[in-house]
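All remarks here apply to the structure that follows.
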Amino acid sequence: QITETTLEVTQSTKDLDTARGTVGALRRSLQTLEIDLEALRNQNAGLEAALAEAEARAGAHLAQVQLQVSAAEAELRDVRAQLQRQNEQHRELLGLRDQLEAEIATYRQLLEGGDGFRQAGRELGRGSGTGGVSGGGKRNSGTT
């Protein structure tokens, strides 16, 4: 019986040593896993901070681009309005040119039509300074 008990104790001691070795290995593995977990947590925190910073930069850049777009749109509106005004002025000037060309054609016909009128025109051109065309505005005489 002592031999059996000795064998059992020896076996139990071996089993206990094996279990202690396994527990030690598991503790080391647990420590390694805890270190890895802490490193991953730190890495995750760093990535979250980098993401927040990138989002903030992107938001600031987007706001800046939106301001530039708004300024460009306002400038485009101004340019379009100025172009519209210039087009209206151009049309007005074309109308005046047409009126002046018609008046010139009328005077030319009158000048070519008779010597008496030509003579009167010369006298007006030399003379008193009255009777000439004055001002650059529209004429309201009703005739062209």
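Since every read-out is calculated from the coordinates, none of them should be taken as a lab result. As the structure is a prediction and not an experimental result, all values here were calculated from the model. We place every Cβ from the backbone using ideal geometry, glycine too, and count neighbours over all the protein chains shown.
For segment 2-116, what is the charge dipole size about the Cα centre, in debye to the nearest 20, if Lys and Arg each add +1 at the Cβ and Asp and Glu each add -1 at the Cβ? Working shown, then result.
Details: 12 positive and 20 negative charges, 72 e Å.
Its charge dipole is roughly 340 debye.
If I stretch the segment between Glu38 and Ala102 completely, what's the gain in nm (0.36 nm per residue apart, minus their alpha carbon distance), one decimal? Intermediate values should be presented prior to the final figure.
On the way: separation 64, 0.36 × 64 = 23.04 nm, distance 9.42 nm.
Length gained between Glu38 and Ala102: 13.6 nm.
Let me make sure I get this right: for segment 2-116, a, b and c are the square roots of the gyration tensor eigenvalues over alpha carbons, sorted descending. Under 1.5 in a/c it's rounded, otherwise prolate if a/b > b/c, else oblate. Which is it? Show your work: numbers first, answer last.
Numbers: a/c = 17.95, a/b = 9.65, b/c = 1.86.
Cα axes put segment 2-116 in the prolate bin.
Given Leu16, Ser70, Gln109, which one lies farthest toward the positive end of the charge dipole of segment 2-116, if we put +1 on the Cβ of every Lys and Arg and -1 on the Cβ of every Asp and Glu?
With unit charges placed on the Cβ atoms, the residue in question is Leu16.
Give the residue list of trypsin sites (Lys or Arg not before Pro) in segment 1-104 that are DSSP loop and have at most 11 other beta-carbon atoms within 10 angstrom.
Numbers: sites: Lys14, Arg20, Arg27, Arg28, Arg41, Arg57, Arg77, Arg80, Arg85, Arg91, Arg97; in loops: none.
Those that pass, being in a loop and sparsely packed, number zero.
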